[in-house]
Amino acid sequence: MNAHAIPATIDRLDAPSPDAAPSDADAGDRVAGQLGELAGLVADRDRMMGRVAMLLVDLQHADGLHDRLGGMTLQVWLEHVCRVRGAEARALLGAVDVLARMPSVLVGLCDRWLSWSQVQAICRAARRAPVSRLGELDSLVADPPPPSTSLPSRTAHAVRHGHIPMASQPRSLGASERTRPSAGPATSMTSGAHQPREM
């Protein structure tokens, strides 16, 4: 046999048969890789949703927004330009209404120590509280909770058990109000004047 052919022959003999079943180690490596990729993708989603929320909070008070949208509401723009379903667009804007008053929650989302799912749960609980008390709820997030208590459940517990009184119904904004220029955050939310938005 040609000496140069020996290494190639050895490599061919060592190569697994195409019909050979993957070993447990190979299967485990593949699963670990898939789990790692999945975790990374979910983290990327949270990072992107943090940026989306930050942009929407800023846009709430942008001059000329109504004209820039061509007369559309921000919800309609999300539905038609971003292809976001109506219920999802309403839920997103409902969360943004709350995040405009809860900067610690927004920072937690942008810095990725809160997930988008956790932020949605916090916002659902916070929408049952009076606007004047949202700062207190925000402080619950700013202070690390006990290890056994998640931030969303801690926020919901404060509202549910009277530490933060509930409003008569979840706050919401009419579609036209979301695109109307306002004087600032203090006038950006109303209570009970409109039907509650789906979360």
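The values are calculated or read from the model by the stated rules, or taken from the named source; none is laboratory data. Because the structure is predicted, anything quoted here is derived from the model rather than measured. Positions of Cβ are backbone-derived with ideal geometry, glycine not excepted, and every protein chain shown enters the neighbour counts. Areas reflect the complete protein model, heavy atoms only, side chains present, ligands, DNA and RNA absent. Shrake-Rupley method; radii C 1.70, N 1.55, O 1.52, S 1.80 Å.
Checking the structure you have, find out if any residue of the range 82-101 is at pLDDT below 90 and small (Gly, Ala, Ser). Walk me through how you get there before you give the answer.
Of the residues in the range 82-101, the ones at pLDDT below 90 are none.
The answer is no; no qualifying residue exists.
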### Query
Could you count how many residues in the range 129-142 are surrounded by fewer than 18 Cβ atoms within 10 Å (Cβ to Cβ) and not in a helix (DSSP H, G or I)?
1
### Query
How many residues are open to solvent by less than 20 Å² (accessible area, probe 1.4 Å) and not in a loop (DSSP other than H, G, I, E, B) if we restrict to the range 58-85?
3
### Condition check for ARG124: open to solvent by 60 Å² or more (accessible area, probe 1.4 Å), outside any helix (DSSP H, G or I) and either touching a helix residue (DSSP H, G or I) at 6+ places or on another chain (Cβ under 9 Å) or farther than 13 Å from VAL141 by Cβ (or both)
no
